[in-house]
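Student: The structure's right below; bear with me while I get my questions together.
The values are calculated or read from the model by the stated rules, or taken from the named source; none is laboratory data. Quick caveat: nothing in here was measured; it's all calculated off a predicted structure. With ideal geometry, Cβ positions are generated from the backbone for all residues, glycine too; neighbour counts draw on all protein chains shown. Heads up: the accessible areas ignore ligands, DNA and RNA and are worked out on the full protein's heavy atoms, side chains in. Shrake-Rupley method; radii C 1.70, N 1.55, O 1.52, S 1.80 Å.
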Amino acid sequence: MKAIIQRVTKASVTVGEEQVSSIGRGLCVLLGISVDDTQKDAEYIVRKILNLRLFEDENGKMWTKSVMEKEFEVLCVSQFTLQCILKGNKPDFHSAMPAELAQPFYNSILENMRSSYKPELIKDGQFGARMQVHIQNDGPVTVELNSPSGPTDPKQLSKQEKQQQRKEKTRSKGPSESGRDKGALRARQDTNASSGAEGDVSSEREP
């Protein structure tokens, strides 16, 4: 799961001509759910969003207070395009959780956030709609957050295992073929060199 967290002075979501949600000072969170995400990922993201120290204290000291400690608002917006993988210049969204699964999962994240904080201070957009998100970033302050859980998809796990095996083979290999060939060539040059050329390092210098 990926979240883009922005500290804002205000933010709102409009669908068509209708404003469906708005907040004052607080956090605007764009949230992208992947096919591999579990409840563990959701709990991590919620905990981080509510506890990140992105605000100043009463003395103006920066990076000391969380959105909960300041009793500010949070606006969450579902954003599947955060799971984009580029294939050349074309975006591919197969890593995003399908909408029919993502919507209840996203709703459970909101419920978790509301139960962990003050429910009236948690707002959201309109899942699956074409939204216009108006963000007045304060700072600007933007934090990218990824949940730590690894993939559970067997294909993805197999891909990672193969990549790791290739890395291990590369590390365990001795000198490359080209390196061995160059070493052998230098050895032959040393053997065939006359006694007058023994101190001439130019004969060993690579081109």
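Student: Among what's in segment 126-148 and is in contact with a strand residue (DSSP E or B) (Cβ under 7 Å, 6 or more places away or on another chain) and under 18 Å from LEU50 (Cα atoms), pick the residue that is surrounded by the most Cβ atoms within 10 Å (Cβ to Cβ).
Tutor: Residue satisfying both the conditions and the ranking: ASP138.
Student: Continuing with this model, one more query. Which condition from (1) of a type outside the set (A, V, I, L, M); (2) out of contact with any helix residue (DSSP H, G or I) (no Cβ under 6 Å at 6 or more places or on another chain); (3) surrounded by 13 or more Cβ atoms within 10 Å (Cβ to Cβ) is the one that SER66 breaks?
Tutor: (2)
Student: Which one of the conditions (1) among the hydrophobic types (A, V, I, L, M, F, W, C); (2) open to solvent by 10 Å² or more (accessible area, probe 1.4 Å); (3) part of a helix (DSSP H, G or I) does ILE49 fail to meet, given that it meets all the rest?
Tutor: Unmet for ILE49, out of (1) among the hydrophobic types (A, V, I, L, M, F, W, C); (2) open to solvent by 10 Å² or more (accessible area, probe 1.4 Å); (3) part of a helix (DSSP H, G or I): (2).
Student: Within segment 70-106, count every residue that is surrounded by 19 or more Cβ atoms within 10 Å (Cβ to Cβ) and either free of Cβ contacts under 8 Å to residues at least 12 places away in the same chain or in a strand (DSSP E or B) (or both).
Tutor: Counting residues in segment 70-106 that are surrounded by 19 or more Cβ atoms within 10 Å (Cβ to Cβ) and either free of Cβ contacts under 8 Å to residues at least 12 places away in the same chain or in a strand (DSSP E or B) (or both) gives 7.
Student: Then there's this: Just to be sure before I move on: is ASP57 without any contact (Cβ under 8 Å) to a residue 12 or more places away in the chain and open to solvent by less than 40 Å² (accessible area, probe 1.4 Å) in the structure I sent?
Tutor: Yes.
Student: Checking the condition crowded, with 20+ Cβ neighbours inside 10 Å and of a type in the set (Ser, Thr, Tyr), which residue from SER21, SER34 passes?
Tutor: SER34
Student: Among (1) within 19 Å of the chain's Cα centre (by Cα); (2) over 20 Å from ILE4 (Cα atoms); (3) among the polar types (S, T, N, Q), which single condition is ASN89 missing?
Tutor: Of the numbered conditions (1) within 19 Å of the chain's Cα centre (by Cα); (2) over 20 Å from ILE4 (Cα atoms); (3) among the polar types (S, T, N, Q), the odd one out for ASN89 is (1).
Student: Let me ask you something else. Looking at (1) surrounded by fewer than 22 Cβ atoms within 10 Å (Cβ to Cβ); (2) within 19 Å of TYR117 (Cβ to Cβ), can you tell me which one VAL29 breaks?
Tutor: Every listed condition holds for VAL29 apart from (1).
Student: A further question follows. Give me the pairs: first residue in segment 32-47 and closer than 17 Å to GLU144 by Cα, second residue small (Gly, Ala, Ser) and part of a strand (DSSP E or B), beta-carbon distance under 9 Å, and six or more apart or on different chains, which are they?
Tutor: GLY32/ALA3; GLY32/SER78; GLY32/ALA96; ILE33/SER78; ILE33/ALA96; SER34/ALA96; ASP41/SER34; ILE45/ALA3
Student: Looking at segment 107-125, which of its residues are surrounded by 12 or more Cβ atoms within 10 Å (Cβ to Cβ) and without any contact (Cβ under 8 Å) to a residue 40 or more places away in the chain?
Tutor: ASN107, LEU110, GLU111, ARG114 - these are the residues of segment 107-125 that are surrounded by 12 or more Cβ atoms within 10 Å (Cβ to Cβ) and without any contact (Cβ under 8 Å) to a residue 40 or more places away in the chain.
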